[in-house]
Each structure stands twice: as structure tokens, then as C-alpha cells.
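Below: the structure, in C-alpha cells.
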Amino acid sequence: MGAAEDEARSARSVERTETFSDAVRAIIITLLVLDLKPPQIRPGHLLRGLLEEWPAYLAYATSFLNLAAIWLAHRYVFERIRATSPPLNWANLAILFSSALVPFPTAVVARFLKAGNQGDIRTAIALYALVGALMLISAWIFYQYAVRHPELIHAGGGK
């Protein structure tokens, strides 16, 4: 195989990894919104019912913003990646794994914020924070690996 063929294969590998990552994130965000349900109310009480669901809206918005921040950082790095490697792919999968967990603690936080028991709220928030920490740690590992392997980065920093 020549250098041009190697470069084309590397570009396809990067594109496939980035496309897969974007697809997984789209599914995760879709799963998040599925937990937003219309309130069970008597006729004439819709506004009150919607307002009582504030924990679900807060949990959704927080999770969406966290996932968006990770996606934007991931996108920024992938604009500079010219090739992937097995360790980089595993680090990327770790980001996706931890991101895929986000809908669960989001639902737990929404449910137990609404219920109002302080002990349960603390536990729910600790679970949410744990998953957030896993996501950030896996992203940090991914970025550190990419930075320490200049052969994976475009010369000059961009595509």
C-alpha cells in the first residue's frame, strides 16, 4: 500500500469513528427526552401539572448541556485527528460508555427531586455526579492520549 492509500484509509477510519460517536450521542439525547412525559392531571390543571414537573425539565436541561459540552470538545479534537489507533478508539468508547449512562441518573434525579426526601435527593445527585465524573475522566484520558501521540494529529493542528 502506498502513502496515499494509507492516508485515505486513515481518513476513513477517523470519519467512521466520528460518525459512530455522533450517532451514539444522538441516541443518548433522544433517550433523555423520552423521560419527559405529560403530567397526569385532572382537566383544567395542565399549567399546574407542567410546573410540578420542574425537576424533570431541570435534569433534562442539565444533562443535555453536559452532553453538549463533551460533544463540542470531542468535535474540536476530531477536527485535528488525522488517524486513529486501538487505544484512542478504546478511549473514545469509554467516553461513549459513560455518556450512555447519563439518562439513568438523569431520571433518578428528576424522580427523587420531585419526591422531596433529602437523603434520596443527595443519593440521586451523588449518582449523577459519579456518572459525570466518569464521563469527564474518560474524556480527559482520550484527550491526553491524542495530545501525547502527535502521529495521530494533523500537522498544523487542523484538517
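The values are calculated or read from the model by the stated rules, or taken from the named source; none is laboratory data. Predicted model only: the values in this text are computed from it and were never measured. All Cβ positions, glycine included, derive from the backbone under ideal geometry; neighbour counts span all protein chains shown.
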Selection count where residues are of a type outside the set (A, V, I, L, M, F, W, C) and over 19 Å from the mean Cα position of the chain (by Cα), scope region 118-144 = 5
Filter result for the condition that a residue is of a type in the set (Lys, Arg), touching a residue at least 60 places away in the same chain (Cβ under 8 Å) and surrounded by 15 or more Cβ atoms within 10 Å (Cβ to Cβ), over 111, 80 = 80
Filter result (under 23 Å from residue 50 (Cα atoms), touching a Pro at 6+ places or on another chain (Cβ under 8 Å) and at pLDDT 95 or above) within region 113-148 = 124
ask   = Just one of the numbered conditions (1) within 24 Å of residue 36 (Cα to Cα); (2) surrounded by fewer than 18 Cβ atoms within 10 Å (Cβ to Cβ); (3) β-branched (Val, Ile, Thr) is not true of residue 141; which one?
value = (1)
note = Within region 12-71, the count of residues that are among the aliphatic types (A, V, I, L, M), loosely packed, with under 13 Cβ neighbours inside 10 Å and out of contact with any helix residue (DSSP H, G or I) (no Cβ under 9 Å at 6 or more places or on another chain) comes to 7
ask   = Tell me, which residue of region 63-117 that is part of a helix (DSSP H, G or I), more than 13 Å from residue 18 (Cα to Cα) and among the polar types (S, T, N, Q) is nearest to the chain's Cα centre (by Cα)?
value = 99
Single unsatisfied condition, residue 101 versus (1) out of contact with any Leu (no Cβ under 8 Å at 6 or more places or on another chain); (2) modelled with pLDDT of 95 or more = (1)
